[in-house]
Amino acid sequence: MRDKLREECAVFGVQVKGKAAGIVYNGLLALQHRGQEGAGIAVVKSNRITVRKDVGLVSEVFTAKALDALPDGATAVGHARYSTTGGNTRENVGPFVTEYLTGRIATAHNGNITNAKEIRAHLLANGLRFNATSDSEVISALIAYCITLENDTLRGVARAAGSLRGAFSLVIACGDDMLIALRDPNGYRPLCLGQSELGIAAASESCALDGCGFHFLRDVRPGEIVVVKSGQIASAETLLRRENPCGGLCIFEFVYFARPDSMLDGTSVYAARYNMGVRLAEEHPVEADVVCGVPDSGLEAAIGYSARSGIPLAPGFVKNRYIGRSFIYPTQTQRASAVRMKLNPLAVNIAGKRVVLIDDSIVRGTTSANIVAALKRAGVKEVHLRISSPPFRHTCHYGTDIDAAENLIANRLSEAEICTQIGAESLGHISLDGLRHACGACELPFCTNCFSGGDTATQTKFDLE
């Protein structure tokens, strides 16, 4: 039972002059916010692929000794995992290395494949075996299978990708020192390219390129397959056609998942969140003394709300960044205690005041209730909660781990009832139109199905031909 959405996975791949593993390690550190359950790196050298992966944070899996033990190959891919399909075990952590008759590949995947069961059954019937329960292993196996059928790496990758349904941003290291980056035709999950004097990198977010010294080139376009050889982009071709009219870039990337210093498909995440705050102030004005953001993803929207409303902005919390993630605690009492330890109200700024509190979402309501209660204990006179996403009413099939529909508070209570339950004086969610407008500079259409319910059925079609 969760009260916050879980992060996505992260992928990072490079082909460079020199040792690639260390660069991938740094890239995964920059993308750690997208997944904290497991991490892995696969390195290609002399037509062999060496992989190390395990559960835990990137720095826990890759000690200095473990990182030094990886070969000094020039091509490598990495993965930071949050599980959406398959349990949290070492076997389900990427990258997945798959061998076939004429070679081997290592695949790192961000997203969720809706026809993975059908593909798995087909491959099992054709003699393939699996060691994990992740849909990412199914993708890697399918790609290897199709490369064998086509007797060509690029044609095999394109054939396999054309059979996948759902969300997939992939970086693939091939045994012949080729790096491939591709994105599903709807563009559900982000993927971008960078370049430096060392070579080419592909990453889930541009912030990882910045941190590793790569100049941002561009986003991988939906349906595009980019091939990197000898540290240069050898080809880039859009080969996959968009099939889901409800699909598009997950708009919650801008609300919560992505780092504010990232650019996604032509749009600054920081600017989008600032605009959300501006729109919230226009849609849900209130008389108050101070605006506070809930760290971290509510902070930028709080700046926008303050600027538009004229209400002063002030820090409302001190965040303890060294406590474990609250969702690891087995009981609700322990989780509530972890929330109090993680976010401590800054009473000197808020005591006796009317506070506009900005947060990114309400899922089940318990975390919001705990935060509001903490503010009241700190002496806050009124709490006016403003949320930079519309109410969650539907689950997601494409990699965002939203709780079952019956556990979502917006499906059980009206907004007035939610406000009463969490103990606030008022509550306002941004409208869907307002959210779209805030992210309007984005070059892609958006997937908003978790709010609107436009796509309620999984896609299970599988046709390898």
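Read-outs: derived from the displayed coordinates by stated rules, not from any lab. Not measured: the values here are computed from a predicted model. All Cβ positions, glycine included, derive from the backbone under ideal geometry; neighbour counts span all protein chains shown.
A few points about this structure:
- Long pairs among Lys65/Lys319; Lys53/Lys117; Lys17/Lys65, criterion Cα-Cα beyond 28 Å: Lys65/Lys319
- Expected 222 nm ellipticity per residue - DSSP helices of 4 or more, -39500 (n - 2.57), all of the chain, to 500: -8500 deg cm²/dmol
- Evaluating kT/(6 pi eta Rh) at 4 °C and 1.567 mPa s, with the Kirkwood radius of the stretch 65-193 over Cα pairs in the Stokes-Einstein relation, gives 87 µm² s⁻¹.
- Toward the positive end of the charge dipole of the chain, with +1 on the Cβ of Lys and Arg and -1 on the Cβ of Asp and Glu, the farthest Cα among Ile143, Asn344, His109 is that of Asn344.
- Pairs of Cα atoms nearer than 8 Å and 6+ residues apart set the relative contact order; for the stretch 368-452 it is 40 percent.
- Stretched out straight at 0.36 nm per residue, the stretch from Leu124 to Glu282 would grow longer than its current Cα-Cα span by 51.3 nm.
- Farthest toward positive dipole pole in the stretch 10-243 [+1 Lys/Arg, -1 Asp/Glu at C-beta], among Gly40, Tyr25, Gly231: Gly40
- Mean projection of the Cα convex hull over all viewing directions, computed for the stretch 263-452: 10.7 nm².
- Cα centroid separation, the stretch 353-372 to the stretch 294-324 (Å): 12 Å
- Positive dipole terminus of the chain, leading residue within Ala405, Phe392, Val290 (C-beta point charges): Val290
- When Glu406, Glu224 are arranged by Cβ crowding within 10 Å, least crowded first, meaning fewest neighbours, the order is Glu406, Glu224.
- Labels on offer are (1) 4, 21, 30, 24, 14, 5, 1, 0; (2) 4, 18, 26, 24, 15, 8, 4, 1, 0; (3) 4, 16, 20, 18, 13, 10, 9, 6, 3, 1, 0, and the one holding P(r) over Cα pairs in 10 Å bins from 0, in percent computed from this structure is (1).
- Where labels lie 7 Å past Cα in the beta-carbon direction, separation of Glu99 and Asp296 in nm: 4.0 nm
- For the stretch 184-301: relative contact order, % (alpha-carbon pairs under 8 angstrom, 6 or more apart): 23 percent
- With all pairs of different C-alpha atoms in the average, the Kirkwood value for the hydrodynamic radius of the stretch 361-421 is 12.7 Å.
- Using θ = phi - 60° and Karplus 6.51 cos²θ - 1.76 cosθ + 1.60, couplings along the stretch 439-453 (whole Hz; Gly, Pro as x): 9, x, 6, 4, 7, 10, x, 10, 8, 10, 5, 5, 9, 9, x
- In this label model, Asp261 and Val318 are separated by 2.4 nm, measuring between points 7 Å along each Cα→Cβ vector.
- Using Cβ point charges alone (K and R +1, D and E -1), the dipole size of the chain about the Cα centre works out to roughly 920 debye.
- Between Leu239 and Ala405, full extension at 0.36 nm per residue minus the direct alpha carbon distance yields a gain of 56.2 nm.
- Rounded to the nearest whole Hz, the Karplus-based 3J(HN,Hα) values (6.51 cos²θ - 1.76 cosθ + 1.60, θ = phi - 60°) of the stretch 89-97 follow the sequence 10, 4, 4, 8, 7, x, x, 9, 9, with x at glycine and proline.
- Seen against the Cα atoms of the chain and their longest principal axis, helix 366-377 is set at about 40 degrees.
- Gain upon complete extension [Arg393, Glu417; 0.36 nm per residue less C-alpha separation]: 7.1 nm
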